[in-house]
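Inspection log for the structure reproduced underneath, given as structure tokens.
The values are calculated or read from the model by the stated rules, or taken from the named source; none is laboratory data. Treat the numbers as computed from the prediction; the structure is a model and nothing was measured. Cβ sites come from the backbone with ideal geometry, for glycine too, and all protein chains shown count toward neighbours.
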């Protein structure tokens with residue numbers, strides 16, 4: 001988790017506490033979308049990931065979740081959930097560029113730990129962020145060899 005946090009900080013310019021909270025929110029989202037299988041394995045293989053998830057779950061979002069759920073409930077579960085995630089990240093102060101870099105680094109880490117195919121499956125849980133931010137498919141991510 002420390003290497004991932006450092007990598008996210010380098011890519012986004014975020015402070016350590018904000019980077020950890022943002023990672024926690026993405027991992028919480030992934031765990032909620034697919035609590036079993038490769039997501040669980042990715043979380044298990046990422047030291048201190050569970051702590052980041054618990055911190056994100058305990059962190060209030062200033063009403064962002066309720067507002068977004070109300071506005072997007074007619075769009076279907078996946079889109080609303082992804083918009084909630086985007087809202088929570090924005091509430092932490094992340095802009096679209098930082099969100100794109102955050103997700104890219106998490107997907108790159110998943111690629112290192114699980115391989116490109118499973119990283120692509122994990123990334124597929126974030127379809128609306130993909131469309132909104134133009135995030136490259138997992139197989140196009142360029143992992144840092146030092147993240148292993």
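Taking segment 114-124 as the region of interest, how many residues are in contact with a helix residue (DSSP H, G or I) (Cβ under 9 Å, 6 or more places away or on another chain) and surrounded by fewer than 21 Cβ atoms within 10 Å (Cβ to Cβ)?
Selection size over segment 114-124: 7.
Test residue 14 against the stated conditions and say whether it is at pLDDT 90 or above, under 14 Å from residue 102 (Cβ atoms) and not in a helix (DSSP H, G or I).
Against the criterion (at pLDDT 90 or above, under 14 Å from residue 102 (Cβ atoms) and not in a helix (DSSP H, G or I)), residue 14 qualifies.
Kindly indicate whether residue 106 is crowded, with 19+ Cβ neighbours inside 10 Å and modelled with pLDDT under 90.
No: the conditions fail for residue 106.
Restricting to segment 1-31, give me the number of residues that are surrounded by fewer than 15 Cβ atoms within 10 Å (Cβ to Cβ) and more than 17 Å from residue 108 (Cβ to Cβ).
4
Residues of segment 75-89 being in a helix (DSSP H, G or I) and modelled with pLDDT under 50, which ones?
75, 77, 78
So which helices (runs of 4 or more DSSP H) stay within segment 22-74 end to end and still have 2 or more residues that are modelled with pLDDT of 70 or more?
Filter on segment 22-74 gives 38-45, 49-58.
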